[in-house]
Amino acid sequence: MIEVHELTKRYGAKTAVDSLTFTVRPGIVTGFLGPNGAGKSTTMRMILGLDRPTSGTATINGRPYAEHTAPLRQAGALLDAKAVHTGRSAYHHLLAMAATTGVPRARVDEVIDLVGLHEVARKRAGAFSLGMGQRLGIASALLADPEVLILDEPVNGLDPEGILWIRGLMQGLAAGGRTVFVSSHLMSEMALTAQHLVVVGRGRLIADVSVADFIERAALESVLVRSPRAVELHDLLAGPGVTMLSVERGAFEVTGLAADQIGDRAATAGIALHELTVRRPSLEAAFMELTRDAVEYQTVGAAA
Amino acid sequence: MSTVTRPIVSAAPPRLRVTQARVIHSEWIKFWSLRSTVITLAVAVTLMIGIGLLASSMSGSGAAPAGPGPNPGDLGPVDASLAGLTFAQLAFGTLGVLFMASEYSTGMIRSSLTAVPKRLPLLWGKIAVFAAVALVTGLAASAIAFTGGQALIGDGAASWTDPGVARAVIGSAVILAGSGVLGLALGALLRSTPAAISTLFGVMFLLSGVAQLLLPDSWGDRVVQYLPSDAGGAFTAVSVGDGLGPWAGLAVFLGYVVAVVGGAAWRLRRFDA
Ligand SMILES: Nc1ncnc2c1ncn2[C@@H]1O[C@H](COP(=O)(O)OP(=O)(O)O)[C@@H](O)[C@H]1O
Ligand SMILES: [Mg+2]
């Protein structure tokens, strides 16, 4: 279990994380979702005690990470960039990590096999591809078989096979009762992996919802309308709560009115319709919609 | 996913916890698993022995006056055999910087501190491993340089039992290890290999000359004797010069090392990784 309370981090004048409060529960995969620069990596570093919060607290299994006697046993982490000495082999990297906590050597071989790095374990980590580096990071996260996994953008640089592998791994760990907290800037990825979402933008909490609720909430329909008299129809449909977006010449997209309402009004006015299509937005679009305010705030903030 | 959720070992799980001894073991593994460290160490030892032997052979053939002690215009037999000290100091200092600062340049520090989030045990572990390795290899190098050098000098060679000789030879190893730890601490304080190396070189090898050049004669010598390079030199000198005595020199030299290690601990503890 990860508990974050009123967590704030400022770098000079810049507020990277702004009073975040949320809880990550065991037994499920929790996605930490937000556009680039939203403060995900910073939050994760604070949870692990790498960055000191400006204010607020973060605990893992009831205590600040650094106060556990065997921190690696409590939480394993894969951080965004490669956190490995480029001159050292994967094997010796893991061996040195394991030695700090008394994790037996046999477990090092075990995690190397688990992530599929057996062939290259004795090679310099600096020669690894991004995907191999991610696998090494996951191996070190799993070293002490921790209760909590914190993975920062783990699918970055992985090939499709690697992505499937990591999805399965995370779901397996969660099914085994572990707390899995994984960040991503891709809604589509999270929809496939996570059961719960913590959504952030500009360092602030935007949503803390189950994926099922999020999808339902996101299912706001729009209707694509095509007509030879599009301009007249556009004026006819305008009204409070209705937004229209021009798609191309003679076609626009309407939200806030159902397809039958649009069809009836067009018929009453004698305007011919060439197309009337109900559209459900993609999850990605729903996510963009959700975080749009946060992004807009950024633009305004920068101008001010 | 049964492999993932399987307990760490089936029988008798080990007591998993971080201890200072385990962190030292981890740093030991880190030290020896980098080719660059091992090569730099070999270079340091080679410089200490090679330059010492070279200087000794020249001093031997030059028929230097016998007996330990300073000979104006020439090196005594002990100083000749330990002539590699300055260059070996550079190499050990660089090694110390690399051992710490490369954790920052590669991002390894974040892995290290995730394993040891209390942080200070990591610095102590690094210093312990480095000091032990540098003392042992430094002592071996200075002992070989001394014995080999005296054999080359032949007539007028010094012996271990001559006054000040044992201190000079063992002291060289202490100064080598101390310079290395100074480099390590500068690496932790500045978190950058080039910044730490140039600071170390500047302080150890340029400061004394610059001070002598810029300060008026009357008090230049008095200030210069307290600089780390000169204080360390006082400890390895066979006979006492007009500066600090050997033990005062050692105390001042180690004082600098302790002060910079203190700064390193403060930076490590207080700042974001
Ligand atoms: N060490 C730092 N110094 C200054 N600004 C930082 C630092 N780390 C992150 N930031 C800023 O904080 C914000 C959040 O960054 P980050 O946590 O990396 O976001 P994310 O992981 O969601 O992409 C960004 O605007 C970034 O530029
Ligand atoms: Mg990030």
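The values are calculated or read from the model by the stated rules, or taken from the named source; none is laboratory data. Owing to the predicted nature of the structure, the values given are computational and were not obtained by experimental measurement. We place every Cβ from the backbone using ideal geometry, glycine too, and count neighbours over all the protein chains shown. For accessibility, only protein heavy atoms count, side chains too; no ligands or nucleic acids. Shrake-Rupley method; radii C 1.70, N 1.55, O 1.52, S 1.80 Å.
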Chain A: angle of helix A:90-101 to the longest principal axis, Cα-based, in degrees nearest 10
70
Calculate one ³J(HN,Hα) per residue across region A:60-71 by plugging θ = phi - 60° into the Karplus curve 6.51 cos²θ - 1.76 cosθ + 1.60, and present them in order as whole Hz with x for glycine and proline.
10, 6, x, 9, x, 3, 5, 8, 7, 6, 10, x
Once the Cα gyration tensor of chain A is diagonalised, what are the square roots of 5 times its eigenvalues, in whole Å and ordered largest first, as equivalent ellipsoid semi-axes?
46, 22, 17
Mind telling me which of A:ASP109, A:ASP159, A:ASP145 comes out most flexible in a GNM of chain A, alpha-carbon contacts under 10 Å?
A:ASP159
Determine, at each q value in 0.11, 0.13, 0.20, 0.22 (inverse angstroms), the log₁₀ of I(q)/I(0) that the Debye formula gives when each Cα of region B:129-239 is one equal point scatterer.
-0.47, -0.63, -1.08, -1.14
Pairwise label distance in nanometres, A:ARG105 with B:LEU120, each label 7 Å out on the Cα-Cβ vector:
3.3
Summarise the partner chain shielding of A:70-77 as one whole number: the mean count of Cβ atoms from other chains within 10 Å of each residue's Cβ.
4
Can you give me the long-range amide H partners of A:VAL209? Hydrogens built in the peptide plane at 1.01 Å from N, cutoff under 5 Å, separation of 5 or more residues or another chain.
A:LEU197, A:VAL199
If the cut-off is 16 Å between C-alpha atoms, which aspartates and glutamates fall inside it for A:LYS9, apart from same-chain ones fewer than 8 positions away?
A:ASP18, A:ASP51, B:ASP272
How long is region A:221-280 along each principal axis, judged by its Cα atoms, biggest number first, in Å?
26, 22, 17
Non-local residues with an amide H under 5 Å from the amide H of A:LEU78, with H modelled 1.01 Å from N and Pro and chain starts lacking one, are A:ILE150, A:LEU151, A:ASP152
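Rounded to the nearest 500, what is the 222 nm mean residue ellipticity of chain A from helices alone, with -39500 (n - 2.57) per DSSP H run of 4+ residues and division by all residues?
-11500 deg cm²/dmol, from helical runs alone.
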Which of these, A:THR193, A:THR179, A:THR268, has the largest mean-square fluctuation under a Gaussian network model of chain A (Cα springs below 10 Å)?
A:THR268
Yeah, region A:29-87 with a ≥ b ≥ c from its alpha-carbon gyration tensor (a/c under 1.5 is rounded, else prolate when a/b outruns b/c, oblate otherwise) is oblate
Most positive-pole-ward Cα, A:GLY102, A:THR23, A:THR57, against dipole of region A:1-130 from beta carbon charges:
A:GLY102
What total accessible area, in Å², is buried where chains A and B meet, using a 1.4 Å probe and rounding to the nearest 100?
3800
Give me the number: length gained by fully extending A:LEU245 to A:THR21, i.e. 0.36 nm times residue separation minus the C-alpha to C-alpha distance, one decimal in nm.
77.0 nm
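Length gain on complete extension for the stretch A:ALA258 to A:GLU6, per 0.36 nm per residue less the alpha carbon to alpha carbon distance?
That works out to 86.6 nm of additional length.
Work out the length of the dipole vector of region B:124-273 about its Cα centre, built from +1 on the beta-carbon of each Lys and Arg and -1 on the beta-carbon of each Asp and Glu, and round it to the nearest 20 debye. Kindly include the intermediate steps, with their values, before the conclusion.
Numbers: 7 positive and 7 negative charges, 156 e Å.
Charge dipole, region B:124-273, about its Cα centre: 760 debye, nearest 20.
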Give me, ordered by chain and number, the residues 5 or more places off A:ASP18 or on other chains with an amide H under 5 Å from its own placed amide H.
A:LYS9, A:ARG204
q = 0.12, 0.17 Å⁻¹: log10 I(q)/I(0) that the Debye formula gives for region B:20-270, counting C-alpha atoms only
-0.70, -1.22
Accessible area expressed per residue, region A:23-107, with surrounding protein chains retained (probe 1.4 Å, Å²)
31
Cα convex hull of the protein assembly as shown: how many Å³ per residue?
203
Once both labels are modelled 7 Å past Cα along the beta-carbon direction, what's the B:ALA151-B:ARG222 spacing in nm?
4.8
Calculate, for B:ALA259 and B:GLN20, the FRET efficiency according to 1/(1 + (r/R0)^6) with r their C-beta to C-beta distance and R0 30 Å; round to the nearest 0.05.
0.85
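Divide by every residue of chain B the summed helix terms, -39500 (n - 2.57) for each DSSP H run of at least 4, and state the resulting mean residue ellipticity at 222 nm, rounded to the nearest 500 deg cm²/dmol.
Estimated from H runs of four or more residues: -24000 deg cm²/dmol.
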May I ask you to list the lysines whose Cα is less than 19 Å away from that of A:LYS123, ignoring any residue fewer than eight positions away on the same chain?
A:LYS82, B:LYS30
Testing the spin-label approximation: label points 7 Å from Cα along Cα→Cβ at A:LYS123 and B:SER36. State their distance in nm.
2.0
Peptide B:101-111, shielding by other chains (average Cβ, 10 Å cutoff)
6
For region B:20-270, the percent of accessible surface on carbon and sulfur atoms (probe 1.4 angstrom, ligands and nucleic acids excluded) is 71
Across peptide B:19-32, how many C-beta atoms of other chains are within 10 Å of each residue C-beta, on average?
4
Using the alpha-carbon atoms, what tilt in degrees (0 to 90, nearest 10) does helix B:246-270 show relative to the longest principal axis of chain B?
20
State in Å² the accessible area per residue of region B:20-270; use a 1.4 Å probe, count heavy atoms of protein chains only, and round to the nearest integer.
41
Residue by residue through region B:176-184, which ³J(HN,Hα) values in whole Hz follow from phi under the Karplus form 6.51 cos²θ - 1.76 cosθ + 1.60 (θ = phi - 60°), with glycine and proline marked x?
4, 5, x, 5, x, 5, 4, x, 4
Just from the alpha-carbon atoms, what are the Rg and Dmax of region B:91-163 in angstroms?
18.9, 59
Evaluate the Kirkwood expression for the hydrodynamic radius of region A:163-273, namely the inverse of the mean inverse distance over all pairs of different C-alpha atoms, and round to one decimal in Å.
17.4
For a quick check, take a GNM of chain B with Cα springs below 10 Å and name the residue from B:VAL261, B:VAL136, B:VAL238 with the largest mean-square fluctuation.
B:VAL136
Run the reach check for B:LYS126 against aspartates and glutamates, Cα to Cα strictly under 15 Å, same-chain hits fewer than 8 apart removed. What comes back?
B:GLU27, B:GLU103
Quick one: helix A:105-115 against the long Cα principal axis of chain A, what's the angle to the nearest 10°, folded into 0 to 90?
20
For region A:221-280, what % of the accessible area comes from carbon and sulfur atoms, probe 1.4 Å?
52
With +1 at each Lys and Arg Cβ and -1 at each Asp and Glu Cβ, the charge dipole magnitude of chain A around its Cα centre, to the nearest 20 debye, comes out at 1120
